Each structure stands twice: as C-alpha cells, then as structure tokens.
Amino acid sequence: MSDLKELTELTLASARDGLRNKDFTAVELTEAHITAVEEARVLNCFVKETPDKALEMAKASDERIAKGEARDLDGLPIGMKDLFCTDGIETTAGSHILEGFVPQYESTVSQNLWNDGAVLLGKLNLDEFAMGSSNETSFFGNVINPWRRAGDDTPLVPGGSSGGSSSSVAARIALAATGTDTGGSIRQPAAFTGIVGMKPTYGRCSRWGVVAFASSLDQAGPMARTVRDVAIMLKSMASFDPKDSTSVDCAVPDYEKALTGDIKGLKIGIPKEYRVDGMPTEIEKLWQQGIEWLHAAGAKTVDVSLPHTKYALPAYYIVAPAEASSNLARYDGVKFGLREEGDDIQAMYENTRGSGFGAEVKRRVLIGTYVLSAGYYDAYYLKAQQVRTCIAENFRKVFTECDAILTPTTPSAAFGAGEKDNDPLSMYLNDVFTVTGNLAGLPGISIPSGLSSEGLPLGLQVLGKPFDEEQVLRIAGVIEDAAGFDARPQNWWSAK
Amino acid sequence: MSVDKDTVRRIAHLARIAIKEEELEPMTGELNTILAWVEQLDEVDTDGVPPMTSVVEATLRQRADEVTDGGYADRVTKNASNRNDGFFAVPKVME
C-alpha cells in the first residue's frame, strides 16, 4: 500500500478506479481521510465527525468490492452539509435552535448516496439555516478557508452557505461534499476555494429531508475538485422523489458520459448586464479569457441581454426571507431542538426563538414577516414574484439565441473574516451573478479558472437550460481543461 | 416605506421572536436599509405580468388518498423537549 497521505490527493474518480483495481481498500482510503479531518480541525469544517460510522461503511464497501458487487460510489469518503437530515446522527443546520436534534429519518439525497456506497465522514458546518455568504453566521463558529492571500496570514472566509463543504474539499479532507444552493450557496463557496460546485435544475434533486430555507429556490448539488467528480456525485444525488411535490419525474442520465470535450458549434451567450459597475479588472479579464477558451474549442459566443438582472437580488431578498419566515415557523420549542420556558406558551415560543436564532436569521425572518403582513403583501411579495417572472422570461428568450451562458461566478475573490460584518447589503452582493439561476430554476456550475492578483482562486460560471445539466457539464469540462487550474492552498492547517 | 421601532416590535411579536429593547434600534436601522434597497423594484413595470407561482412548468401530482406511512408517535415525538405518552407537551393554554 502506498503512503496514506497520497490517498487524500486522489480525485473521486481516481479513488473509485483505485478501489476497483484493488490498489488500496476502502478502509485504507477512509482512514487516510479520517486522519486528514482530525488534523484540519482548525478549519472548523465539521459540526460533527463520524469516524466510527465511516469505518463501518467502508468495511461494508470492501466486502461488496471483494465480491465484485461494487456500487457507483462504493468506499468513497464524502462530507454531508449539516442541512441534510441523517437518521440517528445529529443535524443542526448550523443553528442553536436545532442543537441536539437527532432525525429519525434520512434525507432522500443522502439516502441515494448511501445506497450507492458512499462513506460519511461527518456533518459539515454551514451558515445558520444556510443564510449567509461567508460561513460566519453558524452557531458552531466560522469555517476558515484553506487558501490565504500571498504573504498574508489573515483568515479568509470559505464562502457560504456551504462553507464546510467548500473548505473540506479544497483542503483535501473529503473527496467530495454535498451542498445546497438557494442564492449561490454552492457556486460562490466553490469559487472562493478553487473547487467545482454545481447547482442542478430546480426539481432535479429531492428536497425531502433537507432543512428548508426558501422552498421555491433551494436545490441540493455536488461539490468536488473536478468536473468529472461533480458529474459522478450528481448522478447519485439526483432522483425523482414522490415525497417532494416539486421533484421532477425525468430520467437521470449518466452525467460522466456527457464529458465528451466536444462543444464545436455551440452558441454561448455573454450577458452584457453582468458587466456590473466597479467589477474588478481581474474578473473582467478572467471572463474574457473564458470566452477565448470557448472560441478555441470551436464554440461561438453571442452577446445577449438579460435586462432584469439588476433586480434579481432585491427580488431574492423579498422572496427568500418571506419563504424562510414561513419555513422557520416550525422551530417553536415544541417539536424538536431548544426550548426556553416562559410564563405562558406565547412567551415560551418567543423566548425559544429569541435565544435560538442568530442575528442574520432573525433579520430575515423579520423582513419576511413584514413583507407578508397585511397591507404590504402586494407591494413587496407580489411585486417580487412578478419581477421573478420577468427574470425567468429573460432567460427563456435568451435560450432561443444560445445554448448556455458564461459569466463570472462572483464579483471578487474570498475576503477576510469580519470584513463585511456590519453591512448585510455588501454581503448580499456576493450572490449578484448566481442568484438569477435560482430565481429562474436553472442549472449552474462554477469552475476554478484562475488566480487573483493576491493568489486566490476565481471561478467562471456556466448557466444552462432547465434539465440540461449534461450540456453545462460538457462546457464546464472544456473550461476546466483549458484553464488547467492546478493551484492549491499551501497546507498551514495540519496539526502535525 | 420604512419601519420604526414600534413596528419592529410588532413584527417581532408576529414572528414570535423575543427582542431585547436594546436590540430594537440597530434592528430597525438594518431593516430600513434592506427595505430601502428592495424598493428599486418599483422601477420595474410589471403591469399585466403574472406573479411566479412555480419555477418549473409542472402541475402538482395527485396521489391516491390512502395512508402510506405513520403509526410511530414515539419516533415522531422523540426530539421534543417535553413529551408525554406519544404527545407533544406544552405549557398550559387553558385554565
């Protein structure tokens, strides 16, 4: 057996192939990752580590592999965002109000992964109820980005809300991870940590058993170090699920087969409204570089217009808090999690929610309650849903002119912890390029494509037509090959 | 539109979130910043535009009206801080 350290360097695909070739065992692969997890605790990626469970699952995988019955993900250690309910394993959503909650059921997405043989390393930290873009709102502390600016020790945020997912995959302590994306929570952290993250079409992955934030926008998806790895994960995560009323009944293709590298003749839209004021030149340059890579691969680019882009974020910040205020009504101290007693039942509710929710969650629940309250519904919520129709209509029209869209993923590289603490609006602007995909329900992917002047990863985003994940992955694969992104964070975090 | 401290206090009560008196002032400021920012939506002409009700073009599925799950009150109430014989228990609501 080769050095254990080398096993954490593998991609998901090469680890899968190594297991099938019997180059190493699932237990060895899992032990290497468990050690890496333990050594990287300073990054605070995990809310809960599950090493015993991981080894037990790895042993079962080894038995199946020995019998020639290997499943798609057999023996591959991954992390699970702590927003997915896991039967018998504490699930917190990053909130004090859910501390100690032990689900008695398994989310469909995680069950799909276990059915395919994946190994659970633990539950990954996240912004509280997935509300945030920097993983600074978790009750369980900030997640730290393994990347640092060149010659600077300032701790950087890993993006959010899937910050434990992005940080753990980038630090090579998990082969892949699950994420969820309501306004950019997979793609933005993927861009901030130099990994690949995909939000599938709304309805592609079941929401059943995923702690709900904004139900009309939430979508689970994979995060990994290569486009191929993301394709492999998505095939397992996606399914039609009768338990989710918005799950779409259409066959799940073999996404890995879509990575042909052939995009000759495709038309890629370049939306002019994404050239926002004050966009750093290096982001502009990266975007231009992406266009040239597509040309070199034989694709054409066309200028397109998505005129309502500017209104996507404000519409999102009405729709998402409105849905959150309804979804979070269930945390009342009665059914699960925290209870703070009071003089009567009303006081018990108020005390429980007052001490159980963090500042950002309270802010959004209050905004949501206000915009849905009598007399304001039409002015805010109805208006936002009309604007959302306009945004979806923009995309429908543009997709008659092109096959997919290329944009930057974020307006900047990762920033320092605490830098945007006092200004919710500047934090919200992180999602300016990703949120449109949620409002219109489209598939989107972020691919690490270059480094900022400070030596930090930057991502390009491909948005596609509904249920056209294969095309999105194919284009992403071409960008990945052209970019040849092989930069990685220097390991400063290992305890040993 | 903007909100004052009393409105925030009222919204917090509607949302059943206890807010300390000293939290009201900063919260009011933050909510007003967000509300002022979302008001740019007023620039969009939405006359005759239907509000989005579903992001995927699908009609909700129907299913047979039959019991397919359940019968385990013990598991359902397992995470409650106070439960009694398969029921959730709450402070007394009637004298």
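Identify the single condition in (1) over 25 Å from A:GLY132 (Cβ atoms); (2) surrounded by fewer than 18 Cβ atoms within 10 Å (Cβ to Cβ); (3) modelled with pLDDT of 95 or more that A:SER326 does not satisfy, given that it satisfies every other one.
(1)
Can B:ALA12 be described as in contact with a strand residue (DSSP E or B) (Cβ under 9 Å, 6 or more places away or on another chain) and at pLDDT 95 or above?
Working: in contact with a strand residue (DSSP E or B) (Cβ under 9 Å, 6 or more places away or on another chain): no; at pLDDT 95 or above: yes.
Spelling it out, it is not the case that B:ALA12 is in contact with a strand residue (DSSP E or B) (Cβ under 9 Å, 6 or more places away or on another chain) and at pLDDT 95 or above.
Limited to segment A:456-473, what total is found for residues that are surrounded by fewer than 24 Cβ atoms within 10 Å (Cβ to Cβ) and touching a helix residue (DSSP H, G or I) at 6+ places or on another chain (Cβ under 6 Å)?
1
Here is a list: A:PRO189, A:PRO222. Which entry is in contact with a strand residue (DSSP E or B) (Cβ under 8 Å, 6 or more places away or on another chain), assigned to a helix (DSSP H, G or I) and within 25 Å of A:THR86 (Cβ to Cβ)?
Details: A:PRO222 fails: assigned to a helix (DSSP H, G or I).
Being in contact with a strand residue (DSSP E or B) (Cβ under 8 Å, 6 or more places away or on another chain), assigned to a helix (DSSP H, G or I) and within 25 Å of A:THR86 (Cβ to Cβ) holds for just one of A:PRO189, A:PRO222, which is A:PRO189.
Filter segment A:94-123 down to the residues that are within 26 Å of A:ARG172 (Cβ to Cβ), of a type in the set (Gly, Ala, Ser) and in a loop (DSSP other than H, G, I, E, B) and list them by number.
A:GLY94, A:SER107, A:GLY117, A:ALA118
Sort through A:GLY164, A:GLY183 and tell me the only one that's in contact (Cβ under 8 Å) with a residue 40 or more places away in the chain, surrounded by 23 or more Cβ atoms within 10 Å (Cβ to Cβ), assigned to a loop (DSSP other than H, G, I, E, B) and under 13 Å from the mean Cα position of the chain (by Cα). I'd like the intermediate steps shown before the answer.
On the way: A:GLY164 fails: assigned to a loop (DSSP other than H, G, I, E, B).
Exactly one of A:GLY164, A:GLY183 is in contact (Cβ under 8 Å) with a residue 40 or more places away in the chain, surrounded by 23 or more Cβ atoms within 10 Å (Cβ to Cβ), assigned to a loop (DSSP other than H, G, I, E, B) and under 13 Å from the mean Cα position of the chain (by Cα), namely A:GLY183.
Consider A:LYS59 carefully, then state whether it is away from chain B (no Cβ under 14 Å), among the basic types (Lys, Arg) and touching a residue at least 60 places away in the same chain (Cβ under 8 Å). Spell out how you get there, then give the answer.
Values: away from chain B (no Cβ under 14 Å): yes; among the basic types (Lys, Arg): yes; touching a residue at least 60 places away in the same chain (Cβ under 8 Å): no.
No: the conditions fail for A:LYS59.
Of these, A:LYS257, A:LYS362, which one is closer than 30 Å to A:VAL211 by Cα and of a type in the set (Lys, Arg)? First the steps, then the outcome.
On the way: A:LYS257 fails: closer than 30 Å to A:VAL211 by Cα.
Among A:LYS257, A:LYS362, only A:LYS362 is closer than 30 Å to A:VAL211 by Cα and of a type in the set (Lys, Arg).
Among the candidates A:ASP254, A:ASP249, A:ASP262, which residue alone is within 14 Å of chain B (Cβ to nearest Cβ) and of a type in the set (Asp, Glu)? Please lay out each step first, then the result.
Working: A:ASP254 fails: within 14 Å of chain B (Cβ to nearest Cβ); A:ASP262 fails: within 14 Å of chain B (Cβ to nearest Cβ).
Exactly one of A:ASP254, A:ASP249, A:ASP262 is within 14 Å of chain B (Cβ to nearest Cβ) and of a type in the set (Asp, Glu), namely A:ASP249.
Would segment A:375-398 turn up any residue that is within 13 Å of chain B (Cβ to nearest Cβ), open to solvent by less than 20 Å² (accessible area, probe 1.4 Å) and basic (Lys, Arg)?
For segment A:375-398, residues within 13 Å of chain B (Cβ to nearest Cβ), open to solvent by less than 20 Å² (accessible area, probe 1.4 Å) and basic (Lys, Arg): present.
Considering only residues that are touching a helix residue (DSSP H, G or I) at 6+ places or on another chain (Cβ under 7 Å) and not β-branched (Val, Ile, Thr), which ones fall in segment A:135-163?
Of everything in segment A:135-163, those that are touching a helix residue (DSSP H, G or I) at 6+ places or on another chain (Cβ under 7 Å) and not β-branched (Val, Ile, Thr) turn out to be A:ASN135, A:SER138, A:PHE139, A:ASN145, A:PRO146, A:TRP147, A:PRO158, A:GLY159, A:GLY160, A:SER161, A:SER162, A:GLY163.
Any chance you could count how many residues in segment A:274-292 are open to solvent by less than 40 Å² (accessible area, probe 1.4 Å) and either in a helix (DSSP H, G or I) or farther than 22 Å from A:LEU456 by Cβ (or both)? Full working, then the answer.
To start, the set of residues in segment A:274-292 that are open to solvent by less than 40 Å² (accessible area, probe 1.4 Å) comprises A:274, A:279, A:283, A:286-287, A:290-291.
Applying the additional criterion that residues be either in a helix (DSSP H, G or I) or farther than 22 Å from A:LEU456 by Cβ (or both) yields A:274, A:283, A:286-287, A:290-291.
Total meeting the criteria: 6.
If I ask for residues that are assigned to a helix (DSSP H, G or I) and open to solvent by 50 Å² or more (accessible area, probe 1.4 Å), which ones from segment A:238-273 would you list?
Restricting attention to segment A:238-273, the residues satisfying the condition of being assigned to a helix (DSSP H, G or I) are A:255-258, A:272-273.
If the condition is that a residue be assigned to a helix (DSSP H, G or I) and open to solvent by 50 Å² or more (accessible area, probe 1.4 Å), then A:LYS257, A:LYS272 are the ones that fit.
Could you check A:TYR311 against (1) farther than 18 Å from A:THR434 by Cβ; (2) within 14 Å of another protein chain (Cβ to nearest Cβ); (3) crowded, with 20+ Cβ neighbours inside 10 Å and say which number it fails?
Only one criterion in (1) farther than 18 Å from A:THR434 by Cβ; (2) within 14 Å of another protein chain (Cβ to nearest Cβ); (3) crowded, with 20+ Cβ neighbours inside 10 Å is unmet by A:TYR311, namely (1).
Looking at segment A:348-374, which of the residues that are at pLDDT 95 or above and within 23 Å of B:GLU43 (Cα to Cα) is most open to solvent (accessible area, probe 1.4 Å)?
Here the residue is A:LEU372.
Could you list, in sequence order, the residues of segment A:28-61 that are part of a strand (DSSP E or B) and of a type outside the set (Phe, Trp, Tyr)?
Here is the first cut: in segment A:28-61, the ones part of a strand (DSSP E or B) are A:46-49.
Result: A:VAL47, A:LYS48, A:GLU49.
Looking at segment A:468-483, is at least one residue more than 24 Å from A:THR281 (Cα to Cα), in contact (Cβ under 8 Å) with a residue 12 or more places away in the chain, within 14 Å of chain B (Cβ to nearest Cβ) and more than 17 Å from the chain's Cα centre (by Cα)?
yes
May I ask you to list pairs of residues, at least six apart or on different chains, whose Cβ atoms are under 7 Å apart, with the first in segment A:347-365 being more than 7 Å from chain B (Cβ to nearest Cβ) and the second being open to solvent by less than 10 Å² (accessible area, probe 1.4 Å) and of a type in the set (D, E, K, R)?
If the second residue must be open to solvent by less than 10 Å² (accessible area, probe 1.4 Å) and of a type in the set (D, E, K, R), the pairs left are A:GLY358/A:GLU128; A:GLU360/A:GLU128; A:VAL361/A:GLU128.
The values are calculated or read from the model by the stated rules, or taken from the named source; none is laboratory data. Computed from a predicted structure; not experimentally measured. We place every Cβ from the backbone using ideal geometry, glycine too, and count neighbours over all the protein chains shown. These accessible areas exclude ligands, DNA and RNA; they are computed on the full protein's heavy atoms, side chains included. Shrake-Rupley method; radii C 1.70, N 1.55, O 1.52, S 1.80 Å.
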